[in-house]
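A single structure is presented below for examination.
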Amino acid sequence: MFRIKPHLLLLILPVFMHLAAGVHYQEVNFKSYTLLLHSFAKNIDWPGETGKTTFVYGVYGKSKVYDELLNLARTKKVRNMNIEVRTLNTPAEAAACDIVFVPTSRSSSVKDIATQIKGKPVLMVCERSGYCLKGAAISFNVNEEGTLRFDINTKVCVQQKLVVRAQLLQIADRVY
């Protein structure tokens, strides 16, 4: 009979937990990200939006969220504004957007993007958990039940001249 020694089990268990978390993370439906992004657009006020006719979502790099946002743009609006979706290739391009989504694969660029949008009414949203403490206004996280959730850094929102409505703050996991 084969037996695993307790100390060996302690070494193997974290590996299995990490693999299980990775599989669980991949199960997240990217449409959920898109619906939350759209909810952010509707529950945050941008300065000077009264005269605007187009609301711009930017996706930094490649992400399935881009395709989902294109689908959303065909049928929805943000407070009577048409939706435009752009792929962003450089941090500087973020300054021309209303919302910038940064996928996990590009999270190393958050600091550069934050520098480019500093003081501008741009909401940076990161797919990766914890990034609202590293320069993003909002970061997503997946809880133990597999539900997509988010954290908000209100200080970043104020710096970006964005007003977050109370309804959005009430459903956030954490507000900083």
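Identify all residues within the range 76-103 that are at pLDDT below 95 and over 15 Å from GLU49 (Cα atoms); write none if there are none.
If the condition is that a residue be at pLDDT below 95 and over 15 Å from GLU49 (Cα atoms), then no residue fits.
Suppose we filter the range 54-101 for residues that are more than 14 Å from the chain's Cα centre (by Cα) and at positive phi; how many remain?
So the answer is 2.
Let me ask another. Scanning the range 120-164 for residues that are in contact with a helix residue (DSSP H, G or I) (Cβ under 8 Å, 6 or more places away or on another chain) and part of a helix (DSSP H, G or I), which turns out nearest to SER105 (Cα to Cα)?
Narrowing the range 120-164 to residues in contact with a helix residue (DSSP H, G or I) (Cβ under 8 Å, 6 or more places away or on another chain): 120, 122-128, 131-132, 134-140, 142, 146, 148, 150-154, 156, 160, 163-164.
Okay, now just the ones that are also part of a helix (DSSP H, G or I), so 131-132, 154, 156.
Details: TYR131: 13, CYS132: 16, THR154: 25, VAL156: 22 Å.
Among them, the one singled out is TYR131.
Mind listing just one residue for me: the one in the range 140-173 that is over 14 Å from the mean Cα position of the chain (by Cα) and charged (D, E, K, R) and, of those, surrounded by the most Cβ atoms within 10 Å (Cβ to Cβ)?
LYS161
Pick from TYR33, TYR57: which is among the aromatic types (Phe, Trp, Tyr) and touching a strand residue (DSSP E or B) at 6+ places or on another chain (Cβ under 6 Å)? Working first, answer last.
Details: TYR33 fails: touching a strand residue (DSSP E or B) at 6+ places or on another chain (Cβ under 6 Å).
Only one candidate qualifies: TYR57.
Moving on to the next point. Give the residues of the range 55-90 that are within 27 Å of ALA166 (Cβ to Cβ) and β-branched (Val, Ile, Thr), sorted by residue number.
Passing the criteria: VAL56, VAL65, VAL78, ILE83.
The values are calculated or read from the model by the stated rules, or taken from the named source; none is laboratory data. In this text, all values refer to a predicted model and were calculated from it rather than measured experimentally. We place every Cβ from the backbone using ideal geometry, glycine too, and count neighbours over all the protein chains shown.
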